[in-house]
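I am attaching a structure below and will ask some questions about it afterwards.
The values are calculated or read from the model by the stated rules, or taken from the named source; none is laboratory data. Fair warning: this is a prediction, and the values are worked out from it, not measured in the lab. Just the protein is used for accessible areas: all its heavy atoms, side chains included, with ligands, DNA and RNA removed. Shrake-Rupley method; radii C 1.70, N 1.55, O 1.52, S 1.80 Å.
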Amino acid sequence: MALGSVLLEILHRPTTGQVLSELLIFAIPLWVAVAIGVLVGWVWKPKWASTLSREMLLDAKQGGEFSVTSLSTMIPSLNILKFQLPSFFWAADGGGIQTDSFSGRRTLNSKCSSSKMEKEKPNLVMEDDLEHLCKLVEVKDGGPAWIQMMDRSTPTMNYQAWRRDPETGPPQYRTRTVFEDATPEMVRDFFWDDEFRAKWDDMLVHAETLEECPTRGTMVVQWVRKFPFFCSDREYIIGRRIWKSGRMYYCVTKGVPCSSVPRRNKPRRVDLYYSSWCIRAVESKRGDGELTACEVMLFHHEDMGIPWEIAKLGVRQGMWGAVKKLEPGLRAYQKHRASAAQLSRSAFMAQINTKVSADHLRSLETSINDSSEIEIRETSEKPVGHNVPKFLVIGGAVALACSLERGLLTKALIFGVARKFAIRRS
């Protein structure tokens, strides 16, 4: 509507010269934005684009026909059309609808092979990972300073978030969440329970236990997560393990290699993944001196395969909305456990912990004297590219939205992010 009103205003100019000059001024920024969008699209070209051009060229030389089925396997966007159009439309291409094994439903399987894991993969999640997490918790890992980016609360939950940008690698996040009326053991099981996670985490479309060790509690799991906009689904192969010291739990999850699960173009596998947390009982904000609240210190970073500045903007805009889903999920889990429901296999594995002493933890924390810093105040830094004119931001969003085939929701999200991005510069 805004674009149409601008064009109408230009066309109502009194002279033809003024109309042409105004149209020229109006069109130049759009063409510049389109050129930037084309350049970015070419640099960020997906694998299926080059595969598609090679297949079409080969079929043309051989005099064959390029089928819709082969086209849809290489262009992810066409798979969405299969669910929006009648099945007989696709049957004309030589068969019915073929869906990805992860799409359209949540599946949870378990394949236990403890002896194989103990013998073949003893070094998935080891004490070095515990040492690293301890130093993160005590802010002694020697990394850059943490800059606070959020401080929100509800009547029964407090949430704080920090971010830092290392010299190499993706942005890193540190969060502190305090749940009222929750025990560390319940929160530990809640985060580990993949079967129940599918009920509250709408981004999780597939979770499967690949391997587990019933003596140490180490697990290898496969996740497939659905991303909200302009990204294909992401696959994670995660190794995880829990250490216990009193009623403190150090939970380590990270990306690990797995030769038994072949790598595919879709969903795209995320190799660099780290998400670990420390869970402990803390005093309630009611001030009664009772340790009836639970604190979760989370440290997270991953390379999702998208530009980090875009990822940071998306995280900042969507963080609180995602966090607000945590507490209803935890309260539902508390009721689920109170109903004497059968314990899931993953929740059972969460209770197999490696015990460590407090003295041993202190020795890990002091093994390196380097310390990080925490910036308490809200960050005042402006996003990279704050000198970029607003029309380039909006124009770039136009080019990006027009180059995608993910429907109106995707484009609305892109325009929404671009609008906030531009307003922040004005």
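Taking 22 Å as the cut-off for C-alpha to C-alpha distance, list the pairs among 199/335; 199/226; 135/244; 135/254; 140/285 that go past it.
In this structure, 140/285 lie more than 22 Å apart at Cα.
Something else now. Stick to Cα atoms and the Kirkwood definition of Rh, then tell me Rg/Rh for the stretch 285-365.
Details: Rg = 18.3 Å, Rh = 17.3 Å.
Dividing the radius of gyration by the Kirkwood radius yields 1.05.
Something else about it: Under a 5 Å amide H to amide H cut-off, with H placed in plane at 1.01 Å, what residues pair with residue 204 once short-range neighbours are removed?
Amide H to amide H, under 5 Å and 5 or more residues apart or across chains, residue 204 pairs with 226.
Using a 1.4 Å probe on the protein heavy atoms only, what accessible surface does residue 310 show? Give it in Å² to the nearest 10.
70
Give me the accessible area of residue 264, 1.4 Å probe, in Å² rounded to the nearest 10.
Accessible area, nearest 10 Å²: 90 Å².
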